[in-house]
Amino acid sequence: MILAGFQKNSFIDFPGKISCVLFLTGCNFFCPYCHNAALANGEYPQRIDIETVLDFLKARRGMLEGVAISGGEPTLSPAIADLCRSIKALGYPLKLDTNGSRPDILGRLLDQRLVDFVAMDVKAPLDRYTPFCDQTDIADRIRESIHRLMTVAPAYEFRTTCAAPFINTTTIVPMARAIQGADRYVLQPFNRRSVCLDPAFNGKTDPTLFPEAMRQLRDLAAPFVRSCTIR
Ligand code: SF4
């Protein structure tokens, strides 16, 4: 298996742990603000053999506290379960990032206890995913993934990239309601960078939500979940 990226150390990708991050390529979404355009397009910014990474992980046992798998959308990889199994066999807690579009794969990984923490995006109210993907049954898929996380996952968080015009004081309420009772909901402000998956997105009126707007969103979402924070 070839990875499209490998970050040896991260303090932010696995809550509470010093982790490394493995990036898989390819995505079934086309979020206009995506900062990982190359990965979303299925390209390989790097080409790293998984055996090299497993050797690194063997050597770092006792120093690294966890491994995060990100993308792209990692559940699209036919080798995702084998990858998780290889990492778990080395004794590492594993965190998976997902857009929630493949509840069947997510469910299998959880049932087989191959992941310890899942971070799942909630992009918009479930009936408003059109700017992000073209799957007609996406609302049902997202709903099912939410249910699996809240009933089976050892630990999880839902997270939303807050960018105008998608996220505002009207849309945040049904989004929070969709994850009602969740342990943890994290709101991340969109930060304009040089490259987005949709180049036109950068040319739009600034989609960044500033601190006061972020606090308003948090206050509206907080009553629906156990913890709602701005990251
Ligand atoms: S931000 Fe959207 S397009 Fe980019 S990798 Fe995540 S789900 Fe895919």
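The values are calculated or read from the model by the stated rules, or taken from the named source; none is laboratory data. Only a predicted model underlies this, so the values are computations on that prediction, with no experimental measurement involved. We place every Cβ from the backbone using ideal geometry, glycine too, and count neighbours over all the protein chains shown. These accessible areas exclude ligands, DNA and RNA; they are computed on the full protein's heavy atoms, side chains included. Shrake-Rupley method; radii C 1.70, N 1.55, O 1.52, S 1.80 Å.
Sort out which residues of segment 184-209 are part of a loop (DSSP other than H, G, I, E, B), hydrophobic (A, V, I, L, M, F, W, C) and closer than 13 Å to PRO165 by Cα, and write them in order of number. Selection gives PHE190, LEU209. On the stretch given as segment 157-191, residues that are more than 15 Å from the ligand (Cβ to nearest atom) and over 24 Å from HIS147 (Cα atoms) total 4.
Residue-by-condition table, conditions (1) among the aliphatic types (A, V, I, L, M); (2) surrounded by fewer than 21 Cβ atoms within 10 Å (Cβ to Cβ); (3) modelled with pLDDT of 95 or more:
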residue	(1), (2), (3)
CYS27	no, no, yes
HIS35	no, yes, no
ALA68	yes, no, yes
LEU96	yes, no, yes
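Scanning segment 1-23 for residues that are among the basic types (Lys, Arg) and under 16 Å from GLY91 (Cβ atoms) gives a single hit, LYS17.
Open to solvent by 60 Å² or more (accessible area, probe 1.4 Å), modelled with pLDDT of 95 or more and within 20 Å of the chain's Cα centre (by Cα), is that true of ARG218? Considered against the rule, which asks whether it is open to solvent by 60 Å² or more (accessible area, probe 1.4 Å), modelled with pLDDT of 95 or more and within 20 Å of the chain's Cα centre (by Cα), ARG218 comes out as yes.
Considering every residue within segment 154-173, establish whether at least one is out of contact with any Gly (no Cβ under 8 Å at 6 or more places or on another chain), assigned to a helix (DSSP H, G or I) and open to solvent by less than 20 Å² (accessible area, probe 1.4 Å). Yes; the residues of segment 154-173 include at least one that is out of contact with any Gly (no Cβ under 8 Å at 6 or more places or on another chain), assigned to a helix (DSSP H, G or I) and open to solvent by less than 20 Å² (accessible area, probe 1.4 Å). Considering SER145, SER101, the condition of being touching a Pro at 6+ places or on another chain (Cβ under 9 Å) and either over 18 Å from ALA81 (Cβ atoms) or small (Gly, Ala, Ser) (or both) is satisfied by SER145 alone.
Evaluate segment 104-118: report whether one residue or more is surrounded by fewer than 22 Cβ atoms within 10 Å (Cβ to Cβ), under 19 Å from PHE23 (Cβ atoms) and among the small types (Gly, Ala, Ser). Within segment 104-118, not a single residue is surrounded by fewer than 22 Cβ atoms within 10 Å (Cβ to Cβ), under 19 Å from PHE23 (Cβ atoms) and among the small types (Gly, Ala, Ser). Within segment 94-120, the set of residues being more than 18 Å from LEU3 (Cα to Cα) and out of contact with any helix residue (DSSP H, G or I) (no Cβ under 9 Å at 6 or more places or on another chain) comprises PHE117, ALA119.
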